[in-house]
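Trainee: Below: one structure in structure tokens.
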Amino acid sequence: MQDVFAELQWRGLIHQTTDDEYLPRLLREKPWTVYAGFDPTADSLHVGHLMALMILRRFQRAGHRPIALAGGATGMIGDPSGKSEERKLLSPDVLQANLDGVTPQLQKFLDFDAGDRSAVLVNNYDWMGRFGYLEFLRDVGKHFPVNVMLAKDSVRSRLENAEAGLSYTEFSYMLLQAYDFVNLLDNYDCRLQVGGSDQWGNITAGIDLARRLRGVQLYGATCPLLENRFGQKMGKTEAGALWLDPEKTSPYRFYQYWINLDDEDVGKCLRFFTDLAREEIDAVSAAHQAAPEKRTAQRRLAAELTRLVHGPEGLQAAEQATDVFFGAEIHELSDDQLTAIFDDVPSRELPRSRLDGAGLDIVEALAAAGLAKSKGEARRIIGQGGAYINNRRVENPQRQLTAADLAGQSVMVLRTGKKNYALLRFL
């Protein structure tokens, strides 16, 4: 057995455990079953979920069996932990669509064909949906002292907020997650739950319930929340969360987030999110410290994580898009890819018919795109070798642009100088 606890510690993925003395030893003695839960509050996971996912992945690689729990039942309620106000309740149809989006993402990180340590994917609605209200109160609620629940940080912080408060629905969330732990104990002999540090109250509630219902000692461990050096949540962009779904966050945007990561945060993210061994991470970090302007650590992190989340094809597309933004010739890209690369540059729509017949004069195109104030300035830029179509230099000021010059289905990329871009869309 590999010492998974020691690995998690050096990677900085242990925030607290319910038993610092015995849990590491127990994990070295025999394979365990460990679970983490993921409520489908959206139709995609985001970067914050990667912390728990990578912990499950590391447990499996060390010889243990991981369970990924998709919260079809708990997702209907919404976890109050770490929230200042109540979540909006999701309809069954929306929740099912979210589950359909999240499930294949969970499957991407774990091995479901690994013999005794094969990963298991469960949905807690399968057992919670069978409960009636009175039955749940009698069989589960009876074993929850209210004073213990009130002492949990996730509950107390909301009760102290007079404006937000806490509904009975959210107050009951802790009971649902606690029973998940007991159910997984009964059916999979699962004795360890992992999650973010904001899940501590829910985890310990499950341990207490198992002790009361089954007379069994369960265990819990939490990882730190994904925050930058200023204590702010990472994985947020101007467009919102950094999603794992390529339709919500393109592989290029995902890759660029990690390329642009602060030097102070890149080291821990290499430990958190890659499968690189300690020696290799140390070597990458040393190379980065010797020449930080080369962003060696960020580039390695971006490559490893993009490959893990989006596959080799996604990484190739992200690297190609990055090369394009820095001047590589543009070819074989779609309009969606071009829009993702150049989403913050000016664009203008023109009729598709402008490309018919003799085509559109390059001088007029530069002026129409706003890259030249006048046709005279456009001619001067071309004469000085500073005009580009799809990152190919234009040398002839009489050049006529046709549909053959489109970079995608309807988009043409114009550039003056090194990075002064604009898009023309022909519709």
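Trainee: Given segment 271-314, report the % of alpha carbon pairs whose separation exceeds 17 Å.
Mentor: Beyond 17 Å sits 33 percent of the P(r) for segment 271-314.
Trainee: Would you kindly compute the Cα radius of gyration of segment 340-426 and its largest Cα-Cα separation (Dmax), both in Å?
Mentor: Reported Rg and Dmax, both Å: 11.6, 32.
Trainee: Using amide H atoms built in the peptide plane, which far-off residues or other-chain residues are under 5 Å from residue 219 H to H?
Mentor: The list, which skips near neighbours in sequence, is 192, 193.
Trainee: Find the Rg to Rh ratio for segment 4-223, where Rh is the Kirkwood radius over alpha-carbon pairs and Rg uses the same atoms.
Mentor: When Rh is taken as the Kirkwood radius, the ratio is 0.94.
Trainee: In the chain, what % of DSSP beta bridges are antiparallel (nearest 5)?
Mentor: Counting only bridges with both partners in the chain, antiparallel ones make up about 50 percent.
Trainee: Only bridges whose two residues both fall in segment 292-427 count here: according to DSSP, what percent of them are antiparallel, nearest 5?
Mentor: Percent antiparallel among DSSP bridges in segment 292-427 is about 75.
Trainee: Have a look at 221, 404, 376 and report the one farthest towards the positive end of the charge dipole of the chain, computed about the Cα centre with Cβ charges (Lys/Arg +1, Asp/Glu -1).
Mentor: Of the listed residues, the answer is 376.
Trainee: Using Cα atoms only, what is the angle between the long axis of helix 173-188 and the major principal axis of the chain, expressed in degrees (0 to 90) to the nearest 10?
Mentor: Tilt relative to the chain: about 80 degrees.
Trainee: Could you point to the residue in 237, 168, 327 farthest towards the positive end of the chain's charge dipole, with +1 and -1 charges on the Cβ of Lys/Arg and Asp/Glu respectively?
Mentor: The one lying farthest along the dipole's positive direction is 327.
Trainee: How many nm is it between the label spots at residue 116 and residue 130, if each spot is 7 Å from the Cα in line with the beta carbon?
Mentor: 2.8
Trainee: A further question on this structure: Assuming R0 = 60 Å, what is the FRET efficiency of residue 373 and residue 160, from their Cβ-Cβ distance, to the nearest 0.05? Could the numbers behind the result be given before it?
Mentor: Working: r = 59 Å, r/R0 = 0.98.
So the FRET efficiency works out to roughly 0.55.
Trainee: Turning to a different aspect of this structure: Using a Cα-Cα cut-off of under 18 Å, which lysines could be cross-linked to residue 268, ignoring same-chain neighbours fewer than 8 residues away?
Mentor: Correct list for residue 268: 233, 236.
Trainee: Amide H neighbours of residue 361 under 5 Å, counting only residues 5+ apart in sequence or on other chains, H built in-plane at 1.01 Å?
Mentor: Here 401 satisfy the definition.
Trainee: Separate question: Just for segment 4-223, what percent of DSSP beta bridges are antiparallel, to the closest 5?
Mentor: Around 10 percent antiparallel, to the nearest 5.
Trainee: Which of the lysines could a cross-linker bridge to residue 373, judged by Cα under 27 Å and excluding same-chain residues fewer than eight apart?
Mentor: 418, 419
Trainee: Determine the dipole magnitude for the chain: charges of +1 sit on the beta-carbon of Lys and Arg, -1 on that of Asp and Glu, nothing else is charged, the reference point is the Cα centre, and the result goes in debye to the nearest 20.
Mentor: 640
Trainee: In whole angstrom, note down how far apart the Cα centers of segment 1-34 and segment 142-159 are.
Mentor: Their Cα centres are 28 Å away from one another.
Trainee: Per 10 Å bin, what percent of the C-alpha pairs of the chain does each bin hold, from zero upward?
Mentor: 4, 18, 25, 20, 14, 10, 6, 2, 0
Trainee: Still on this structure, please answer the following. Hey, how many Å between the Cα centroid of segment 273-323 and the Cα centroid of segment 182-203?
Mentor: 33
Trainee: Could you line up 295, 415 from fewest to most neighbouring Cβ atoms inside 10 Å?
Mentor: The most exposed by this proxy come first: 295, 415.
Trainee: Then there is this: Which cross-chain or sequence-distant (5 or more) residues have an amide H under 5 Å from the amide H of residue 394, H modelled 1.01 Å from N in plane?
Mentor: For residue 394, whose amide H was placed from the backbone, the distant partners under 5 Å are 387, 388, 389.
Trainee: Continuing with the same structure: When 179, 421, 252 are ordered from fewest to most other Cβ atoms inside 10 Å of their Cβ, what list results? Present the calculation step by step, with values, prior to reporting the outcome.
Mentor: Numbers: 179 27, 421 21, 252 24.
Lowest count first: 421, 252, 179.
Trainee: Something else now. Residue by residue through segment 17-22, what is 3J(HN,Hα) from phi via Karplus (6.51 cos²θ - 1.76 cosθ + 1.60, θ = phi - 60°)? Round to whole Hz and write x for glycine and proline.
Mentor: Ordered by residue, 3J(HN,Hα) equals 9, 7, 7, 5, 7, 8 Hz.
Trainee: Moving on to the next point. Express the Stokes-Einstein translational diffusion coefficient of segment 154-236 in µm² s⁻¹, to the nearest whole number, given a Kirkwood radius over alpha-carbon pairs, 10 °C and a viscosity of 1.306 mPa s.
Mentor: Details: Rh = 14.3 Å.
Reported coefficient: 111 µm²/s.
Trainee: Oh, and also: Within 10 Å of each residue's Cβ, count the other Cβ atoms and sort 423, 121 from fewest upward.
Mentor: 121, 423
Coordinate-derived values only; no laboratory data. Being a predicted model, the structure only gives us computed values, none of them experimental. As a convention, Cβ positions derive from the backbone with ideal geometry for all residues, glycine included, and neighbour counts pool all protein chains shown.
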